[in-house]
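Everything on this sheet refers to the single structure shown next.
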Amino acid sequence: MKTNFFEKPATSRRNVKLLGLFVVAMLVFAGCSKEDDAVVPNAPKSQLKAYTSGTNNGFFYSLYWEGGSASISFPSASQYPGNFQINYSNVNDVVGGKGWSTGGTFTVGYNIGSLSGSYNFVGVYGWTTNPLIEFYVVEKGSVPGSTRIGTLSSDGHTYTVYKNQRVNAPSIQGTATFWQYISNWGGAPTGQNGKITMANHVNYWRSNGGQGFGSFNYMIFGLEAWGGRSGSINATVWRQ
């Protein structure tokens with residue numbers, strides 16, 4: 001996913017691998033994960049790379065950033081357990097959110113309470129293993145793809161589905177060659193409840209993508225921004 005942590009694919013898009021340098025990041029930041037509200041301190045160094053993950057109110061969370069500064073906190077999680085907030089400034093790349101350490105085909109409910117500044121992607125992001133696949137369901141923004149698979153109607157929206165092959169790229173298993181599946185919609189409003197029926201996307205990817213679908217690793221509802229962007233998101237995720 002990066003030229004830094006998240007490499008651009010061959011298509012020229014700045015593509016995210018949330019845990020693309022998981023091993024390196026965890027070695028460097030071995031003490032960062034906490035079992036409750038965790039805030040990553042601001043980092044003034046322009047090329048700092050940082051990763052943190054843990055649990056909060058029964059949800060898995062993670063945050064990676066490179067350059068600038070970023071933080072994740074959980075201001076309303078005592079009332080809404082899936083709530084999180086990410087603030088970022090002048091980042092080369094930031095990606096993070098809240099969800100599950102093991103994803104699944106269940107329906108994901110979400111509310112993008114507020115979104116300010118600039119960003120690239122808001123939606124579901126995750127990985128499978130055996131085979132190693134990275135996947136996106138884009139509710140706001142877009143994630144360009146190199147090969148168009150078709151369209152999928154789900155939850156009242158029409159998603160355009162793509163796939164990319166990543167060759168010798170960072171992944172949750174280190175440097176590897178793997179496929180990405182991307183379901184692009186991008187029209188979600190803020191301040192309203194939405195849902196993502198993951199079974200529809202997984203079944204479509206499995207049947208039409210040509211690469212099968214593996215065993216779920218982690219899956220989050222989150223945000224990605226790159227290219228010197230600044231902004232913030234406050235959102236809540238839950239399992240329906």
Next item on the list: Determine whether F29 is modelled with pLDDT under 95 and within 19 Å of S171 (Cβ to Cβ).
Entry: yes
Next item on the list: Consider Y181 carefully, then state whether it is without any contact (Cβ under 8 Å) to a residue 24 or more places away in the chain and within 19 Å of the chain's Cα centre (by Cα).
Entry: no
Margin query: I'd like to know if segment 143-151 contains one or more residues that are touching a residue at least 12 places away in the same chain (Cβ under 8 Å), part of a strand (DSSP E or B), of a type in the set (A, V, I, L, M, F, W, C) and crowded, with 23+ Cβ neighbours inside 10 Å.
Written below: no
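Just to be sure I understand, how many residues within segment 180-200 are outside any loop (DSSP other than H, G, I, E, B) and out of contact with any Leu (no Cβ under 7 Å at 6 or more places or on another chain)?
So the answer is 12.
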Notebook entry, point to check: If you check every pair at least six apart or on different chains, which have Cβ atoms under 7 Å apart with a residue in segment 190-207 that is small (G, A, S) first and a residue that is crowded, with 18+ Cβ neighbours inside 10 Å and not in a strand (DSSP E or B) second?
Noted result: G194/A188
Notebook entry, point to check: Pairs, please: C-beta under 8 Å, at least 6 apart or cross-chain, first residue under 13 Å from L63 (Cα atoms) and among the hydrophobic types (A, V, I, L, M, F, W, C) and in segment 214-227, second at pLDDT below 95 and in a loop (DSSP other than H, G, I, E, B)?
Noted result: I220/L18; A225/N120
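For segment 156-178, how many residues meet the condition of being among the hydroxyl-bearing types (S, T, Y), in contact (Cβ under 8 Å) with a residue 24 or more places away in the chain and over 19 Å from G123 (Cβ atoms)? If you could, list the steps in order and put the result at the bottom.
Keep residues of segment 156-178 that are among the hydroxyl-bearing types (S, T, Y), which gives 158-160, 162, 171, 175, 177.
With in contact (Cβ under 8 Å) with a residue 24 or more places away in the chain added as a condition, the list becomes 158-160, 171.
In the following step, the residues that additionally are over 19 Å from G123 (Cβ atoms) were identified as 171.
Residues that pass the stated criteria total 1.
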Item checked: Hits in segment 157-189 (condition: more than 12 Å from P144 (Cα to Cα) and in contact with a Lys or Arg (Cβ under 9 Å, 6 or more places away or on another chain)) -> R166, A169, P170, S171, I172, A176, T177, F178, W179, G187, A188, P189
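The values are calculated or read from the model by the stated rules, or taken from the named source; none is laboratory data. Keep in mind the model is a prediction, meaning the values are calculated, not measured. Using ideal geometry, Cβ is built from the backbone for each residue, glycine included, and neighbour counts are taken over all protein chains shown.
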